[in-house]
């Protein structure tokens, strides 16, 4: 009885090893594993995501694309800082926050290469999404009826 149960357990273990080994060696799974290991196709996806982010226009008749809006935010922030020393102007901190976080997020997306950077990459994409809400003026949009 003990010998039969051991033989039965060995057969099951052999079958499971054979099944999982054969399953993991199929061409589709090896291609998927290679894709996850190499991450070469991710650089194309990252480039597409950055380009599409930069080409989004703002809402309204005077909306500008993000590739022009981000440098304008940074320029206005720097000018506000330098003019606050001589005059009593307020500094537009939100413009600096948006401009710097957009540039930092784009830099993080470009630099991240490994699978271990996936959470950092996800955080950068979420930060870009949040900056897009501000840059496109979705929150304060008022439709102009002509």
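The values are calculated or read from the model by the stated rules, or taken from the named source; none is laboratory data. This is a predicted model, so every value here is computed, not measured. No Cβ is skipped: glycine too gets one built from the backbone with ideal geometry, and neighbour counts run over all protein chains shown.
Working only within region 73-119, note down all residues that are surrounded by 15 or more Cβ atoms within 10 Å (Cβ to Cβ) and under 20 Å from residue 48 (Cα atoms).
Listed by number, the residues that qualify are 101, 102, 103, 105, 106, 108, 109, 112, 117.
Could you grab me the full set of residues in region 42-72 that are over 29 Å from residue 115 (Cβ atoms), free of Cβ contacts under 8 Å to residues at least 60 places away in the same chain and in a helix (DSSP H, G or I)?
Residues of region 42-72 that are over 29 Å from residue 115 (Cβ atoms), as a first pass: 57-65, 67-69, 71-72.
Filter once more, so that each one left must be free of Cβ contacts under 8 Å to residues at least 60 places away in the same chain: 62, 64-65, 67-68, 71-72.
Once the filter is applied, which keeps residues that are over 29 Å from residue 115 (Cβ atoms), free of Cβ contacts under 8 Å to residues at least 60 places away in the same chain and in a helix (DSSP H, G or I), region 42-72 yields 67, 68, 71, 72.
Looking at (1) touching a strand residue (DSSP E or B) at 6+ places or on another chain (Cβ under 8 Å); (2) at pLDDT below 55, which is the one condition that is false for residue 57?
In the conditions (1) touching a strand residue (DSSP E or B) at 6+ places or on another chain (Cβ under 8 Å); (2) at pLDDT below 55, residue 57 misses (2) alone.
Residue check: is residue 70 more than 14 Å from the chain's Cα centre (by Cα) and modelled with pLDDT of 85 or more?
Numbers: more than 14 Å from the chain's Cα centre (by Cα): yes; modelled with pLDDT of 85 or more: yes.
Taking the combined requirement at face value, the residue satisfies it.
Quick check on my filter: what residues within region 77-136 are outside any helix (DSSP H, G or I) and touching a helix residue (DSSP H, G or I) at 6+ places or on another chain (Cβ under 9 Å)?
Residues of region 77-136 that are outside any helix (DSSP H, G or I), as a first pass: 87-92, 112-114, 136.
Residues satisfying the conditions are 89, 90, 91, 92, 112, 113, 136.
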